Each structure stands twice: as C-alpha cells, then as structure tokens.
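Reading through the structure tokens given below for one structure.
The values are calculated or read from the model by the stated rules, or taken from the named source; none is laboratory data. Quick caveat: nothing in here was measured; it's all calculated off a predicted structure. Reconstructed Cβ throughout: ideal geometry from the backbone, glycine too, with neighbour counts over all protein chains shown.
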Amino acid sequence: MSAYQHAIQAVVQRTGLSAHVIRIWEKRYGAVVPERTGTNRRLYSDEQVERLGLLRQLTQAGQSIGAIAALPLERLRQIAADTLGFSAAPPARSASTLADPAAALLEAGIVAVRALDAAALGATLRQAEVQLGAQGMLQRFAAPLAQALGELWREGTITAAHEHFATAVLRVHLARAVGDFAARADAPVLVAATPTGQLHELGALLAAAAAANLGWNVVYLGASLPAAEIAGAAVQRKARAVALSLVYPYDDPALPPALELLRELLPGSVALIVGGRAVPAVQPVLERLGARIVNDVVSLGASLDALRTERTG
C-alpha cells in the first residue's frame, strides 16, 4: 500500500464525499482505516482515496454502503466496471487543484443543515454562486450537497426534517436562479418534475436550474405528479423534453407503469430525460422507453445540448 499522505480535506476534494460521511463510513462500516499523526490527524493512502471514490460512485448508483464497504478494492473496481462502465477511479489531482473552495462550502452547507439554520444555508448558497459561478454552484455545491444529505439521511445521521428543511431553502434559491435566466421566447421548453410517489425533489430542482442556466425555458412542476399531468403540461407548453428525478423509494412497484404511461402520453418528439439514485432499479424500463439517462448536472447539460443540436440540425 502506498504511503499515507492525504489529509481528509484532500480526500474530500478528490472523492466528492463530505468529511462527515468519510468518518461515518470509517467508524460504522470499516470502509478504510486511516493512519493517525501525532496530533491525531487522519492521513489516507492513494488506494484508500480510490476506494472511497468508488464507494461514493457505487452508492450513487444504488448500491448499499453496508453491502460493499468491506469488499476488496479489486472487487469494487470490477463492480464499477460492470455497473458504471469504467475500471478505475479518476486520476489523482495535483496539489494545486486541491485548494478548491467547493469543499469548504459543502462542509459549511452541511453544518447549516444540521443546525437548521436557514440564514447560514442561504448565505452559503450565495457565497457559492459568487465563488463558483451559477453553473459551478449547481455542479460543485448544490448537487454534492443534495447527495451528501441523502447519504446522511439514509444512515440515520440526520432526520427527514433536516432534509425537508434543506429542500425548502434550496427550492427558494434555485427557483430564483431559474427566474434569473430569461431565455428567448423561441428557446426550447423543458418540463421538470418527479413522478407520483417520488417525494425527493432536489434533483428535479437542480435539473430545472441547470436547464435555465443553459438557455432553456423551464416549467417546474414539483414533486409527485401523475403521468397524465406531466404529459399535459408538456403538451400545453410544446416542450422539447421532460426531465424526471427518481430518488426514493428505489423499488416502488408503481414506478415502471407510471414511466410507461408517461412515455405513451408524450408526443414522440418530446425527449424523456431521467436521473437520480433510483434509476438503476428501473433502468431496463427506461432503456426500452428510449429515455436519456443522466448521472449528474454535467451529463444533463450534454443531453440538453444534444437535443438543441438535433432540433436545429
């Protein structure tokens, strides 16, 4: 094993995990065992950083941390190759890239949520926009914050009240962000929502804000809507795409037929874009329906850009 040389903040930057989640995974699941300095600071090896990065990506894809935390690194690599389509973690960043303000902002956001401090969370969101830019705030702060809160909620570290609190604050901020980007009247329209039973709406909010930032006219419908209502809004607004966020529950038996009905009700010209933690549970259905599956804000942007090209090409 390589030398233990990476402090926890460097690991935060390289993996996208919060320091709090890393500590929980160490203590509760034994995912890694860092070395301790004389002052009790944690130090991690390159292999441990890779391991944590793979665990993060696999849990994002729907794996249970309790089921995979103790697996050998080679087995994690194989699972990643089979389920995510790559065989190794992203290359290590140079020391110069580790001084990223997003890590500190993410920690501040988690602290604000745990304290149920709306003023502090709002201030952190505004600071993220100033330091990272609008799209950077979405990609490097808001999306990782939503992911970290979901992990903390599933682990029982925070309650549903904390997650609902964060959603309420982010809803106000992201709705304002959507309104700040006034698209041309002839810009394509995106309808964003979650289907019936999917009550976690942060993913849909992020999709709406990201699309607005990229010049789309956005119709945000909120959480847990029947397929007929989503399709009706898309038809009324002559939408080019419908974006859905699927987060929880993963195994909702009503979800596949709802997705099938939505695709049936939508005109063929309307693309269906789907992302979120629950996607792996319904991926065969989505692939059969021709949905465009996105993994993050970046891949959402790529799909939206491709749709505009197809529309005008």
Next on the checklist: If Asp252 satisfies all but one of (1) assigned by TED's automatic domain parsing to the domain that holds Phe141; (2) within 18 Å of Ile293 (Cβ to Cβ); (3) among the acidic types (Asp, Glu), what's the number of the condition it fails?
Outcome noted: (1)
Item to check | Contacts under 8 angstrom Cβ, first residue in region 15-36 being closer than 16 Å to Ala104 by Cα, partner hydroxyl-bearing (Ser, Thr, Tyr) and in a helix (DSSP H, G or I), 6 or more apart | outcome: Ile22/Thr15
Next on the checklist: Tell me whether region 218-237 contains one or more residues that are under 26 Å from Leu132 (Cβ atoms) and in contact (Cβ under 8 Å) with a residue 60 or more places away in the chain.
Outcome noted: no
Checklist entry - When only residues in region 105-155 that are out of contact with any helix residue (DSSP H, G or I) (no Cβ under 7 Å at 6 or more places or on another chain), part of a helix (DSSP H, G or I) and charged (D, E, K, R) count, which is farthest from Ala175 (Cα to Cα)? => result Arg154
Item to check | Subset of region 197-218 [within 24 Å of Pro256 (Cα to Cα), surrounded by fewer than 20 Cβ atoms within 10 Å (Cβ to Cβ) and either modelled with pLDDT of 90 or more or in contact with a helix residue (DSSP H, G or I) (Cβ under 9 Å, 6 or more places away or on another chain) (or both)] | outcome: Gly197
Checklist entry - Which one of the conditions (1) in a loop (DSSP other than H, G, I, E, B); (2) under 17 Å from the mean Cα position of the chain (by Cα); (3) not assigned by TED's automatic domain parsing to the domain that holds Ile273 does Ile158 fail to meet, given that it meets all the rest? => result (2)
Next on the checklist: Take the conditions of a type in the set (Val, Ile, Thr), within 30 Å of Ala278 (Cβ to Cβ), touching a residue at least 12 places away in the same chain (Cβ under 8 Å) and not in a loop (DSSP other than H, G, I, E, B) and apply them to Val11. Does it pass?
Outcome noted: yes
Checklist outcome for this item: Gly203 vs (1) assigned to a helix (DSSP H, G or I); (2) out of contact with any Gly (no Cβ under 7 Å at 6 or more places or on another chain); (3) not β-branched (Val, Ile, Thr): all pass except (2)
Checklist entry - If a residue has to be crowded, with 18+ Cβ neighbours inside 10 Å, without any contact (Cβ under 8 Å) to a residue 60 or more places away in the chain and hydrophobic (A, V, I, L, M, F, W, C) to count, how many in region 109-148 make the cut? => result 9
